[in-house]
Amino acid sequence: MKLQCLATALLLAALALTPVARAQYDAELAPVLSRLQTLSHATHSQAEWDQALQALDEIDAKAAAAGQLDLVVQSRAIKAMALADMKRDPRAALRVIEDTKQRYGNQKVPSMKRIFIQEADYYGRLGDEDGARRAIAEFRKNPNFDPEQYPVELYEGRDTPMLITRPAAGANDSISVTAMEVARERAQFAPGSLFPDFQWQDAEGHAHSIRSLQGQVVLVDFWHQNWTPWSRALAQLQRTYDSYHGRGFEIVGIALDRNETAARAFAGQHRMTWPLVYGETELPRQLRLFGEVSNFLVDRNGVIIARNVRGSDLAALLQKALSNH
């Protein structure tokens, strides 16, 4: 399976289900998850969101009554994901996580490791490195801790393999803890943090840097032409750029495709007229991006406003950031 980011690779490997658990998941949870994903793609009423989340609570109660604790924990993990990823409320997600840990954390329930991974992830998004560190320490003492040696094979985009070498791997390694460590390190670049400066040269050989763009609101966009969600949003990103560029909005596009020729050709064909950077490897490494598409919206003072924002969410944040002058 070709995976585009380290966090995704580790999470999927950590959450691998048995055939029985997968069948149970598909029968009970997959329809609700599909509904939540539908809701996330358009504007829906609070009542519709409440109905979808209520369906998860009903599965939770039914599974708890039947003693199916793994299904209970899976439903709660999906609820936390919906709150954090779809409603953009990681603090509400953390409340679900904490309640789940208090109820089931000391029992041997395979899906509990997902709860701990999500906890570290949400603390990372909030910029709380200590919170992520506490989650890791707690998980190491938990009966669901999963120490084992493991291989990781990743892919940049869809074609280029990227092998993660672990020469010091030992018997106490945990794929779940590795995913949690990625979240902990990302906390250093959560909203409210200063975006690191970096320099690049344009096609004419002129030097530029993020610091030289202070005074503008900047979207640092890590892109790859073969990542479908990014390419689908490209036309809307172009419209957003055209609408707000004259008001002080800039995009710096950092190509993650190792084939620079192909990336340049794609950018030219698709009217990507903002500054583009090719061959940059240190900044993605510093930000803990492993071949994955991501973006950072940075305010006029170089402070991160948000991560991974697109579409109407980006436009709303731009209106607010550009009005604060």
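Compute the Cα gyration tensor for region 199-323, then decide on rounded, prolate or oblate, letting a ≥ b ≥ c be the square roots of its eigenvalues: rounded whenever a/c is under 1.5, prolate when a/b is larger than b/c in the other cases, and oblate in all that remain. Don't jump to the answer; show the numbers that get you there.
Details: a/c = 1.41, a/b = 1.24, b/c = 1.14.
The shape class here is rounded.
Could you let me know the centre-to-centre spacing of region 56-107 and region 269-325, using Cα atoms, in angstrom?
Cα centres, region 56-107 to region 269-325: 32 Å.
How would you order 305-314, 196-205 from highest to lowest mean count of nearby Cβ atoms within 10 Å?
305-314, 196-205
Can you tell me which lysines have their Cα less than 25 Å from the Cα of LYS113? Leave out same-chain residues fewer than eight positions away.
The reachable lysines, counting only those whose Cα sits under 25 Å from LYS113, are LYS2, LYS62, LYS79, LYS87, LYS101, LYS141.
How large is ³J(HN,Hα) for each residue in region 60-75, as worked out from phi by the Karplus curve 6.51 cos²θ - 1.76 cosθ + 1.60 (θ = phi - 60°), to whole Hz, x for Gly and Pro?
Listing the rounded values in order: 4, 5, 5, 5, 5, 5, 8, x, 8, 5, 5, 5, 4, 5, 4, 5 Hz.
So, in nm, how far is label GLN107 from label ARG271 when the simple model puts each one 7 Å beyond its Cα toward the Cβ?
With each label point 7 Å from Cα toward Cβ, the separation is 5.7 nm.
Return the FRET efficiency for the residue pair ASP89, LEU322: r is the Cβ-Cβ distance, R0 is 25 Å, and the value is rounded to the nearest 0.05. Mind dumping the intermediate values first?
Working: r = 25 Å, r/R0 = 0.99.
With R0 = 25 Å, the Cβ-Cβ based efficiency is 0.50.
Going by average Cβ neighbours within 10 Å, how do the peptides 255-264, 92-101, 59-68 rank, with the highest at the top? Present the calculation step by step, with values, prior to reporting the outcome.
Details: 255-264: 17.7, 92-101: 20.0, 59-68: 14.7.
Per-residue Cβ counts within 10 Å, averaged per peptide and sorted highest first, yield 92-101, 255-264, 59-68.
Considering every pair of different Cα atoms, what Kirkwood radius, in Å, is found for region 233-300?
Details: mean 1/r = 0.0757 Å⁻¹.
Kirkwood hydrodynamic radius for region 233-300: 13.2 Å.
Sort 279-285, 45-51 for me by packing, meaning the mean count of neighbouring Cβ atoms within 10 Å per residue, highest on top.
279-285, 45-51
Report the label-to-label distance for GLN188 and ALA137 in nanometres (one decimal), using points 7 Å from each Cα along the Cα→Cβ vector.
2.0
Grab the Cα-Cα distance for ALA64 and GLU204, subtract it from 0.36 nm times how many residues apart they are, and report the gain in nm with one decimal.
Values: separation 140, 0.36 × 140 = 50.40 nm, distance 6.44 nm.
That pair, ALA64 and GLU204, stretches by 44.0 nm at full extension.
Starting from the 7 Å offset along Cα-to-Cβ, what nm value, one decimal, do you get for the label separation of SER34 and SER312?
About 2.4 nm separates the two model spin labels.
Read the figures in this text as sums done on the coordinates, not as results from a lab. All values derive from a computational prediction rather than experimental measurement. Quick reminder, even Gly has a Cβ in these numbers, built from the backbone with ideal geometry, and neighbours come from all protein chains shown.
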